[in-house]
């Protein structure tokens, strides 16, 4: 006895289900992106609307280069050599001379002969003194002498002033013996990360890089970041070498970080590959970026739907950032010239939409692969 099953409804329901899933590509379509200007940017930037910029070849002169970094000479060039000012934790040596008769610090016995004053005056070198947390050193008969933040000459003058009237014509020499707390740290792509002491002669940026064994990457691909206090600044190493004024004196507790290709952009959608891609500090263009991820995916990508998402810097200090979407129509050959001038920024996002025909082909392929087995099973059931 043959039993018939209503296969058509099953097939119809299956096809409808597949159509709902197969027609949902990853990410928005080209039209959805172009409509984004009507939508607020998000809860954190509710006041900022998304700006759509359609790039064409005649806009090349309007493109702005990414803002350049400030030169180290302009923002970090005011450091003083270590020893110019004493700091907490420094070790000092204090030597005191008295004119004969030296009565306070145990000089030689008095000699009243003419010309014997120098020969009978001997220095008294005090034990090494550490500048304590209170910023002072304890000098016999002079008491607690403020040292932190002062120059060696200022400390000498203060000790002489306090000893005057007690010692016989005192003369003082203060020497910086050790500066264990006055160091710089060098990390990153160097041959040997190190914590290096600073000396009174003043270490410059290239000096500490040499002491750390030099940098690993090529000079023109290396970025140097100097962190001083709460501020960090970057420059390309080749610019520091070429412009000697940027070979700055380093200061206490500076952190020097050597970075190789510190910037990156992200690519999503119908691209050769979806990835976060790093690029050199001197920057790359959009055409170079397209080449680094394999360009558009053949048979799937929509060349008119290439978008670059970017947060533009505030137009006024302290103002909100502006979300901007740059649209590129790669069907227009003239746009390829524009892509050779359009500079990539750090954290840019490139999104390539799917072509409408590729979505239709995807839908038809999935439906055909699913309907054929269902039709076969239904035929077998009906025959039985």
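Since every read-out is calculated from the coordinates, none of them should be taken as a lab result. The structure displayed is predicted, hence computed values, not measured ones. Here the Cβ positions follow ideal geometry from the backbone for every residue, glycine too, while neighbour counts run over all protein chains shown.
Within a 10 angstrom radius of the beta carbon, how do 59, 344 rank from fewest other beta carbons to most?
Going from sparsest to densest Cβ surroundings: 59, 344.
Suppose each label sits 7 Å from its Cα in the direction of the beta carbon; what would the residue 282-residue 266 distance come out to in nanometres?
Simple spin-label model gives 2.9 nm for this pair.
Among 250, 176, what is the fewest-to-most ranking by other Cβ atoms within 10 Å?
Taking fewest neighbouring Cβ atoms as first place, the list is 176, 250.
Among 51, 216, which comes first, then next, by fewest other beta-carbon atoms within 10 Å?
216, 51
Considering every Cα-Cα pair within region 165-242, what fraction, in whole percent, is farther apart than 19 Å?
When all Cα pairs of region 165-242 are counted, 49 percent exceed 19 Å.
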